[in-house]
Amino acid sequence: MGISIDPNKVLIFDTTLRDGEQALPQSLSTKQKLQIARALDQLGVDVIETGFPISSEGDFQSVQTIAKELKNATACALARCVAKDIEACGEALKVADHFRIHTFIATSDIHVHDKLKKSQDDVLDMAIRSIKLARNYTDDVEFSCEDAGRTPIDYLCRMVENAIKAGATTINIPDTVGYTVPEEFGGIIQTLFDRVPNIDQAIISVHCHNDLGMATANSMTAIRHGARQIECCVNGLGERAGNCSLEEVAMAIKLRQKYLNGLYTDIVATNIARTSALVAKICNEPVPPHKAIVGSNAFAHSSGIHQDGVLKNRETYEILTPQSVGFTDNTMRMTARSGRHMIRACLTQLGYPEDSYDLNEIYSRFLKLADRKGQVFDYDLEALLFFQKQDENETNHFELETLNVMSGGVNHGAIPTASVRLKVGKRSRTESCTGNGPVDAVYNCISRLTGIRCKLTSYKINANGSGMDALGEVNVNVDYNGRIFHGMGISTDVIEASALALINACNIIERARLIDREKVKERKEKNH
Ligand code: KIV
Ligand code: ZN
């Protein structure tokens, strides 16, 4: 087996890049996925489900790129019980020294009969054949009984026993539709341990969805009954109501270790806040304020009685500290007089090793920001770093050169007008347009200058940081030929941030168009 097993260790299998990503309106680029994968690797997860390689060329490439990069976690990819899916996993993952193939098939009556239109025996045969095929590529094979939560227990036991016999080293029991309640789900795991004779030859894993808000409770109950792997996503992302949330199970196991008779995970708790923020930003899925562990209100005490209690003894109302999951309360300030060493020291303190960014480049961005903003806070610096990483090694076809906007209020006789100069490839071009507001006028200019006709499906503006000094962060989703693309922009000026967000989306669309054109050319050359 790929992972050496301590009986008290609960493996954390992260599926943010697969189950989480499949639920996003827009897909993530390889680069964005790599950024998340690196953070997960540093967070201490044991297995990273990197994608579903058969689903698209882009996914195949992301899986391959991430598999090559991971330093600690095992790279894993998903396959249906179909030969070409498993072959694609093997091909994409073979760049890694060690990897896992995760193959799945549905086992509940409704899925077997109505979705797959097969018999239980057919499904069992497909599972066995697929596991054996996957074992030709790796000795680390996970098998999932999709919709196990609603699968007749006799069939589930038979399936698990045969999957282990066929060579599966991890058996995953998903509550695919988030239907079970904790006692019931724990009972399913217990029955498997009681009735499957070879159960000790595999790790039992759980994968709980949150449709009834029970994903964390179900996963916690499962480990009390012998499961030793939890599948989860950062910020609880995932299909519909999401998957079990990584930070919730990690902190529950850490905090309640005594109750759990010494169970533990290898998650580095102080990296949780940063990983959560990174995933929220890249996925354009803000963390709800009341979200356990990582929400902005998770550690806030509002009522007088609570505040009074906390002042007397924090533990009256606080079971964990924000610092324990990596939130810091000493915000650092810098000005244009701060030197490079100060920037480096601040980033080190925030947990960014020096080899993870280009100090000269970040410093020049910092100086520009400090000139406009006066004081720069550590969260501003983090935002600059984030944007530097997004841009790294990417050539941008469109770049904003100048922007002028006139707006006096549409209800008071003014006609919002914008004039935008963009670098388009090697040439500079200018357009002026009116609109129903300043952002609309700017967007009309960008649309003409780029020639990209896309539909704005979402526009969100946030304050990055706190108070009047906060940077404006704009996130847009645009629909281009039925595909959703996400763009981000940040600036002290919200109109400029809006322009940068749309230009960012247009650059991503342009890169996608280029890849499509190259593919068509390749296909044509092959056919000749
Ligand atoms: O929810 C589910 O059943 C899944 C499987 C592919 C493991 O995501
Ligand atoms: Zn799932």
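Couple of notes before you dig in:
- Tally, over region 478-528, of residues that are of a type outside the set (S, T, N, Q) and outside any helix (DSSP H, G or I): 14
- Screening Ser55 with (1) within 16 Å of ligand 2 (Cβ to nearest atom); (2) buried (at least 24 other Cβ atoms within 10 Å of the Cβ); (3) of a type outside the set (A, V, I, L, M, F, W, C); (4) more than 11 Å from the chain's Cα centre (by Cα) gives one miss only, at (2).
- Residues being out of contact with any Gly (no Cβ under 9 Å at 6 or more places or on another chain), within 24 Å of Ala277 (Cβ to Cβ) and away from ligand 1 (no atom under 16 Å from the Cβ) - total across region 1-27: 2
- Criterion: under 14 Å from the mean Cα position of the chain (by Cα) and under 22 Å from Asp46 (Cα atoms) - qualifying residue of Ile223, Ile204, Ile272: Ile272
- Sole residue being away from ligand 1 (no atom under 16 Å from the Cβ), of a type outside the set (Lys, Arg), in contact with a Ser or Thr (Cβ under 8 Å, 6 or more places away or on another chain) and within 18 Å of Asp266 (Cα to Cα), chosen from Glu231, Glu248: Glu248
- Among residues of region 198-209 that are closer than 13 Å to Leu11 by Cα, those with a Cβ under 6 angstrom from a residue that is among the charged types (D, E, K, R) and more than 15 Å from ligand 1 (Cβ to nearest atom), sequence gap 6+ or separate chain, pair up as Ile203/Arg228.
- In region 389-446, the residues that are over 30 Å from Pro353 (Cα atoms), among the basic types (Lys, Arg) and surrounded by 15 or more Cβ atoms within 10 Å (Cβ to Cβ): Arg421, Lys423, Arg429
- Filter result for Ile5 (of a type in the set (Val, Ile, Thr), surrounded by fewer than 24 Cβ atoms within 10 Å (Cβ to Cβ) and part of a loop (DSSP other than H, G, I, E, B)): yes
- Among residues of region 329-357, those that are loosely packed, with under 15 Cβ neighbours inside 10 Å and touching a residue at least 12 places away in the same chain (Cβ under 8 Å), counted: 5
- Some residue of region 187-202 being within 16 Å of ligand 1 (Cβ to nearest atom) and over 13 Å from Gly149 (Cβ atoms): yes
- Single residue of region 105-122 satisfying the filter (in contact (Cβ under 8 Å) with a residue 12 or more places away in the chain and surrounded by fewer than 22 Cβ atoms within 10 Å (Cβ to Cβ)) that is farthest from ligand 2 (Cβ to nearest atom): Gln120
- In region 58-85, the residues that are farther than 20 Å from Ala39 by Cα and among the acidic types (Asp, Glu) form Cβ pairs under 9 Å with partners that are at pLDDT 95 or above and not in a helix (DSSP H, G or I), at six or more places apart or across chains, as follows: Asp85/Phe52; Asp85/Leu78; Asp85/Ala79; Asp85/Thr103.
The values are calculated or read from the model by the stated rules, or taken from the named source; none is laboratory data. Because the structure is predicted, anything quoted here is derived from the model rather than measured. No Cβ is skipped: glycine too gets one built from the backbone with ideal geometry, and neighbour counts run over all protein chains shown.
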